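Note sheet for the following structure.
What follows draws every value from the coordinates through simple rules; no lab data is involved. The structure displayed is predicted, hence computed values, not measured ones. So basically every Cβ, Gly included, is an ideal-geometry build from the backbone, and we count neighbours across all protein chains shown.
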Amino acid sequence: MNVLLVNPNITMPIAVRTSPPLGIAYIAAISERMGHQVRVLDMQVDDTPLEQLVDEFPPDVIGITANTPQVKAAWAVAEKFKRLHPCPIMIGGPHPTVLPEETLRRSPIDVVARGEGEATWEEFLTVVARTPRHNSAALAEHLVGVKGISFRGPSGEFIHAPDRPPIRDLDSLPFPAYHLFKKEGYTSLQPTLDGGTARSFAMCTSRGCPYRCTYCSQSTFPEKWRARSVESVIAEFRHLIHDLGATEIGIVDDSFNIDRKRVAAICDALIESGLNTVPWLLINGIRSNLADRELLAKMKAAGCKRVAFAPETGNEYILQRINKKHTMKQVREAFANAKAVGMETIGFFMIGLPGDTEETMEETIRFAIELDPDVANFSMTTPFPGTILYNEVLERGRLLMDDWDDYIFLEGKARYELDVPAEVMERKWHEAYRRFYLRPRRILKTLARRSTWQQLPRLASMAAKLAMPYHPAPKRPSNVEVAC
Ligand code: B12
Ligand code: SF4
């Protein structure tokens with residue numbers, strides 16, 4: 001069959017094209033392993049008109065991925081495909097996993113894959129291959145028994161099959177099919193720090209997260225943490241570097257360092273095999289409570305150039321409220337350890353967490369300045385559907401977003417009101433960036449980086465926005481009932 005996989009476009013306040021999306025790359029690899037012809041349309045870097053695409057490659061089946069801000073674009077692209085070239089469509093990703101009925105109601109998409117998608121997709125392709133074309137009743141009939149999906153039954157009712165258990169043996173998965181993506185569309189993973197020229201790939205060495213932070217969408221995916229073997233991870237490093245010419249690798253695991261021995265063994269193997277010459281970055285925060293100096297030194301020797309930690313807040317009480325399970329002391333030690341071994345650091349902070357007041361947000365800003373990472377990222381706390389925070393806001397707060405398109409947290413707009421007014425969160429967000437980046441020492445440090453000059457227009461526009469005095473946005477109506 002002709003299998004088409006789509007990453008819908010999304011409008012971000014700044015360009016974040018980095019490496020090919022990993023979820024779709026895995027789904028593509030599964031399709032190829034089954035012997036199908038596969039084409040990937042990453043609409044974030046590829047503007048091939050859909051009419052031209054279906055002429056060149058008429059799909060027998062389409063798979064679409066969607067996080068929350070992408071979901072409306074996903075519905076729109078599905079509509080268009082159903083008009084141009086009707087065929088069965090399955091969607092997966094963090095948003096439809098949490099709200100499958102919404103997608104079935106608001107789009108012509110036939111099936112939602114909830115959670116990890118590889119095995120579900122494999123079974124779906126088998127079902128599609130044996131179902132007569134344009135026969136949706138037969139498709140629904142054949143889908144009975146497939147785990148981890150939601151779809152409509154014969155009389156339009158929603159059917160939610162039981163969850164699919166997490167994939168136990170991650171080594172059994174093929175490597176992501178990066179050869180199907182347009183390499184020239186992607187930049188360095190962290191262009192603000194590295195310029196835009198690296199050939200970058202994302203890699204996932206383990207899946208799942210045993211923590212349950214109240215604001216995090218991963219807490220809606222399997223709790224069980226599973227890891228690939230050291231051999232499998234090294235084989236993928238080798239493949240990315242030798243076959244695909246990777247000059248940078250970004251590890252996206254949710255909990256990369258929860259098994260210290262495994263990380264040490266991966267590092268030893270990278271050093272022994274000489275693969276430690278290509279830099280790798282931890283683009284998702286690793287656990288601060290498990291980042292001892294010895295381990296970080298080994299990671300540095302194995303090629304790890306930069307590590308991210310997620311202190312989130314500078315207040316112990318808020319840390320407990322969000323169930324972060326680390327302390328500020330552990331965060332201080334983690335940053336000190338990383339700096340001591342010569343690694344660059346990124347700190348993820350959140351403004352407007354539940355329980356935050358003007359004073360605690362001030363503590364967060366001061367903590368960021370004290371830790372002084374190479375990059376501090378201040379996110380406006382955004383309640384994603386399915387999270388504990390989302391439910392708390394619906395119960396006793398006010399959502400300030402009209403649409404799923406608004407679920408982007410790179411901008412300084414408050415997303416909800418719970419304990420403090422939106423204006424205060426927005427002012428503190430602006431202040432956080434201004435006070436962190438516009439310190440004389442920090443300005444000199446930024447000017448000394450080569451990437452600053454390579455990324456000058458982007459940085460200048462960001463700096464101009466942040467240097468402007470803060471003006472509160474006009475008051476917005478509450479939309480608690482209709483989140484989108
Ligand atoms: C790396 C990453 C990024 C990178 C992306 C780089 C890249 N090359 O893709 C960057 C930094 C650009 C980024 C940006 C954003 N991200 Co991000 N990101 C991640 C991260 C850490 C890893 C993603 C990943 O590769 N996962 C591994 C793959 C294998 O998993 P997967 O994508 O979920 O795919 C599996 C299933 O979902 C399913 N599936 C997915 N698609 C499909 C399709 C079909 C047909 C099927 C059958 C199955 C299926 O099967 C896949 C394989 O099992 C995740 C956290 C996480 N652990 O997933 C957050 C995460 C996806 N990001 C998130 C968010 C919010 C964003 C932003 C919106 C943040 C913002 N700034 O506002 C932007 C959106 C940017 C965009 N363009 O879409 C949230 C999404 C929450 C939600 N409800 O939508 C997550 C879950 C983080 C979190 N814990 O909250 N992100
Ligand atoms: S924020 Fe990190 S540690 Fe917390 S649940 Fe999400 S992935 Fe796990």
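Rounded, prolate or oblate for segment 66-143? Axes are the square roots of the Cα gyration tensor eigenvalues, ordered a ≥ b ≥ c, and the cut-off for rounded is a/c under 1.5.
Taking the square roots of the gyration eigenvalues as a ≥ b ≥ c, segment 66-143 is oblate.
Ranked by Cβ crowding within 10 angstrom, fewest neighbours first, how are Lys324, Lys72 ordered?
Lys72, Lys324
Rounded to the nearest Å, what's the spacing between the alpha carbon centres of segment 214-277 and segment 1-57? Just the number, please.
Their Cα centres are 24 Å away from one another.
Please say if segment 242-351 is rounded, prolate or oblate, where rounded means a/c under 1.5 for a ≥ b ≥ c the square roots of the C-alpha gyration tensor eigenvalues, and otherwise the choice is prolate for a/b larger than b/c and oblate otherwise?
Verdict is prolate for segment 242-351.
Once the cut-off is 29 Å, how many percent of the Cα-Cα pairs in the chain end up in the long-distance tail?
52 percent
Expressed in nm to one decimal, what extension gain is obtained for the pair His242 and Ala336 from 0.36 nm per residue of sequence separation less their Cα-Cα distance?
Stretched out fully, the His242 to Ala336 stretch lengthens by 30.4 nm.
Once R0 is set to 25 Å, what does the formula 1/(1 + (r/R0)^6) return for the Cβ-Cβ distance between Asp405 and His160, expressed as a FRET efficiency to the nearest 0.05?
With a Förster radius of 25 Å, E is 0.45.
Which residues does the label zone of Asp419 cover in segment 287-331, counting backbone N under 12 Å from a point 7 Å along Cα→Cβ?
Those under the cut-off are 313-323.
How tilted is helix 260-272 with respect to the longest principal axis of the chain? Cα atoms for both, answer in degrees (0 to 90, nearest 10).
So the helix axis and the longest Cα principal axis differ by about 90 degrees.
If r is the Cβ-Cβ distance from Val144 to Glu32 and R0 is 25 Å, what FRET efficiency results, to the nearest 0.05?
Efficiency computed from Cβ-Cβ geometry: 0.35.
Label His179 and Arg441 with points 7 Å out from Cα along Cα→Cβ: what is the distance between them in nm?
5.1 nm
Rounded, prolate or oblate: pick one for segment 317-382, where a ≥ b ≥ c are the square roots of the eigenvalues of its C-alpha gyration tensor, a/c under 1.5 means rounded, and failing that, prolate if a/b is larger than b/c, else oblate.
prolate
For segment 328-336, what does the Karplus curve 6.51 cos²θ - 1.76 cosθ + 1.60, with θ = phi - 60°, yield as ³J(HN,Hα) per residue in whole Hz, taken in order and with x for Gly and Pro?
My calculation for segment 328-336 gives 5, 5, 5, 5, 4, 5, 4, 5, 4 Hz in order.
Quick one: the Cα spread of segment 2-160 along its three principal axes, in angstroms, biggest first?
44, 31, 28
Grab the beta carbon distance between Arg396 and Met1, set R0 = 45 Å, and tell me the FRET efficiency rounded to 0.05.
With R0 = 45 Å, the Cβ-Cβ based efficiency is 0.35.
Tabulate in residue order the Karplus-calculated ³J(HN,Hα) for segment 20-32, using 6.51 cos²θ - 1.76 cosθ + 1.60 with θ = phi - 60°, rounded to whole Hz; enter x for Gly and Pro.
x, x, 6, x, 5, 5, 5, 5, 5, 5, 4, 4, 5
For Ser19, Ser107, what's the fewest-to-most ordering of other Cβ within 10 Å of each Cβ?
Least to most surrounded, the residues fall as Ser107, Ser19.
Give me the distance in nm between label points sitting 7 Å out from Cα along the Cα-to-Cβ direction at Asp259 and Ala235, one decimal.
Going from the Asp259 label point to the Ala235 one covers 1.6 nm.
How high is the relative contact order of the chain, in percent, counting Cα pairs under 8 Å that sit 6 or more residues apart?
The value is 12 percent.
Hey, fewest Cβ within 10 Å first, where do Leu170, Leu84 land in order?
Leu84, Leu170
What's the tally of Lys pairs in segment 189-466 whose alpha-carbon atoms lie under 14 angstrom apart, where the two lysines are 8 or more places apart or on different chains?
6
Simple spin-label model, 7 Å along Cα-to-Cβ: Thr11 to Glu79 in nm?
The two pseudo-label positions are separated by 1.6 nm.
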